[in-house]
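Each reported figure results from applying straightforward, stated rules to the coordinates on display, with no laboratory input. Because the structure is predicted, anything quoted here is derived from the model rather than measured. Cβ coordinates were reconstructed from backbone atoms using ideal geometry, including for glycine residues, and neighbour counts include every protein chain displayed.
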Amino acid sequence: MDQLNLSESEWRQRLTPAQYHVLREAGTERAFSGALSDNKADGVYRCAGCHLELFDSDDKYDSGSGWPSFTRPVDADHVSEHRDSSHGMERVEVRCARCDGHQGHVFPDGPPPSGLRYCINSVALEFRPRAASDDD
């Protein structure tokens with residue numbers, strides 16, 4: 001996969017301030033504040049920074065955490081995982097594999113079959129509804 005490497009000024013031009021804070025500075029939006037947390041539409045969630053498909057609505061569930069939660073990525077190669085020991089916790093950070101944008105974290109407390117909960121910031125994602133013709 002080709003990497004998307006932009007300068008910080010290019011990222012600032014491309015992203016909203018909230019997206020920049022999360023994707024480029026590993027920030028976190030407030031729980032229950034994201035537009036996609038309660039989204040139940042059929043489609044694909046893509047990285048807001050580079051548009052790489054990351055998660056599918058078929059794998060989204062309500063974890064009660066206040067952030068969109070998924071049991072798995074669309075493709076394991078579309079995300080990268082990194083140890084995160086910030087804020088006095090041991091966590092696994094999830095980033096977009098193409099642009100290295102921070103998405104959120106993955107936790108081992110999700111539902112079967114994966115047992116994983118990809119807890120992702122809404123502002124780091126863009127949702128694309130599945131076209132009706134995709135089912136034909």
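Could you give the dipole magnitude of the chain about its Cα centre, charging the beta-carbon of Lys and Arg +1 and that of Asp and Glu -1, in debye to the nearest 20?
420
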Legend entry - Amide proton proximity set for Gly43, modelled H, under 5 Å, gap of 5+: Ser57, Asp58, Arg130
Legend entry - Given (1) 122; (2) 173; (3) 107, the label whose value is volume of the Cα convex hull per residue in Å³ derived from this model: (1)
Inset, instruction - In whole angstrom, note down how far apart the Cα centers of region 76-92 and region 34-57 are. - result: 20
Legend entry - Helical mean residue ellipticity (222 nm; -39500 (n - 2.57) per DSSP H run of 4+; nearest 500) of the chain: -3000 deg cm²/dmol
Legend entry - Among 42-51, 59-68, the order from most to least packed when residues are scored by Cβ within 10 Å on average: 42-51, 59-68
Legend entry - Highest to lowest packing among 82-95, 15-28, scored as the average C-beta count within 10 Å: 15-28, 82-95
Inset, instruction - Please name which of Ser114, Ala18, Ser37 has its Cα lying farthest along the dipole of region 8-129 towards the positive end, using unit charges on Cβ (Lys, Arg +1; Asp, Glu -1) and the Cα centre as origin. - result: Ala18
Legend entry - region 8-129, relative contact order in percent, only Cα pairs under 8 angstrom and at least six apart counted: 29
